[in-house]
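Please read the structure below before turning to the comments.
Every number here is computed from the coordinates shown, using simple stated rules; none is lab data. In this text, all values refer to a predicted model and were calculated from it rather than measured experimentally. Methodologically, a virtual Cβ is constructed for each residue, glycine included, from the backbone with ideal geometry; neighbour enumeration extends over all protein chains shown.
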Amino acid sequence: MARVGYSSDNVAPSVFNLDRLKLQKEEVARVLCIEQDALFEHVHYVENENDKEARGSFICLGDPKVLGQEGYDDNCPLCEAARTYSCVGQSSRRFLSYIFKYRTTKKGVLEKPLSASLLLWVFGEGVYSNLVKKREEWGDLRKHDLLLGPCQAERFQKFSIEICSDALWLKDEQLKAMFIQTYKESKFADAELTKVLGRRVDANAMMGIVRKSCGVAPSVDATVGVVASGDLDLDSILNPTVKEDSEVASSSEGTKKAQVKKDAKPEVASEVASSVDLNDTMDFDALLNDI
Ligand SMILES: [Zn+2]
């Protein structure tokens, strides 16, 4: 048993409290990708003006291989709904990586003394492709700062990305020590970070979200053993035990799929990670990951 004072120092750390990269309109930022790869999930965005529980990003239950080939997997109720209803977005990859943002003016001019803050950068397929090209052309992104901006639209975080020939943190011993210590002390496990990308719910809950947000259930869902939409609605309303059974079935299915997805890695990122420059004088992995 213990007692705790009402102080922010005593609040349990949460991925939802981490600061994220968000540029203001016209802002230019200088950042450093401190990680060699990005965490990703396939997610759907669901629109619902009236119910925030049914709105937002949800992690797709589709098989990544099927999603890569077809763009959807009907084993995921949201994939199925996205083909019919405009309130459910198609499955798309969302990425997340830790970066350091240097302290600068709004126009990107460095402020002395040099300092930086650790942020999460959440981005989509376009930015990922852009970073892959930079990595292929310039090598390890931890040796090159990035200039982002000027930001054209704050709401959409639309900005260009330019690469610098050097990385300031490697030229300043104090800054380098600060980057390493801050990253090591602050980073969360991937299983926690993934919550930032979307909510993970089972197939049955997804069907409830479709009903709430689109007004109708998807016609058929093979994964949960529910036979038809007409029967589904009546069963849910009139006979709660049927609903519970299907929840159990879909829950185990969802867990199995989640496990498969967790082990999956983005193909391009794997290639990039495995082609580390042999001439590196700094062992980033040892410094940053206690290997
Ligand atoms: Zn899906």
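Odds and ends about this structure:
- The simple Förster model, with R0 at 22 Å and r as the Cβ-Cβ distance, assigns Thr84 and Glu53 a FRET efficiency of 0.55.
- Phi angles of the stretch 32-43 translate, via the Karplus equation with coefficients 6.51, -1.76, 1.60 and θ = phi - 60°, into HN-Hα couplings of 10, 6, 8, 10, 7, 8, 10, 7, 9, 9, 7, 9 Hz per residue; Gly and Pro are given as x.
- Residues whose amide H falls under 5 Å from that of Glu41, counting only those 5 or more places apart or on a different chain, are Arg94, with hydrogens built in the peptide plane.
- Cα-Cα pairs of the stretch 69-211 separated by more than 26 Å (percent): 41
- Among Lys171, Lys212, the ranking by other beta carbons within 10 Å of each residue's beta carbon, starting with the fewest, stands as Lys171, Lys212.
- Residue-wise HN-Hα coupling along the stretch 85-99, computed from phi with Karplus coefficients 6.51, -1.76, 1.60 (Hz; x: Gly, Pro): 10, 6, 6, 10, x, 5, 5, 9, 7, 10, 10, 8, 8, 6, 9
- FRET efficiency estimate (nearest 0.05) - Cβ-Cβ, Ser7 to Lys195, R0 30 angstrom: 0.75
- The ranking of Met1, Met178, Met282 by Cβ neighbour count inside 10 Å, starting from the fewest, reads Met1, Met282, Met178.
- Residue-wise HN-Hα coupling along the stretch 157-169, computed from phi with Karplus coefficients 6.51, -1.76, 1.60 (Hz; x: Gly, Pro): 6, 9, 7, 7, 10, 10, 9, 9, 6, 9, 10, 4, 5
- Cross-link table Lys65/Lys101; Lys25/Lys184; Lys22/Lys65; Lys133/Lys187; Lys25/Lys212; Lys52/Lys195, entries beyond 28 Å C-alpha to C-alpha: Lys65/Lys101; Lys25/Lys184; Lys22/Lys65; Lys25/Lys212
- Length added when fully stretched, Asp285-Ile161, from 0.36 nm per residue minus Cα-Cα: 42.1 nm
- Under a 5 Å amide H cut-off, with hydrogens placed 1.01 Å from N, Arg199 pairs with Ser57, Phe58, Ile59 among residues at least 5 apart or on other chains.
- By average C-beta atoms within 10 angstrom, highest first, the peptides 9-16, 60-67: 60-67, 9-16
- Treating r as the C-beta distance of Lys171 and Val132 and R0 as 35 Å, the FRET efficiency rounds to 0.85.
- Residues whose amide H lies under 5 Å from that of Asn48, counting only those 5 or more places away or on a different chain, are Gly56; hydrogens are built 1.01 Å from N in the peptide plane.
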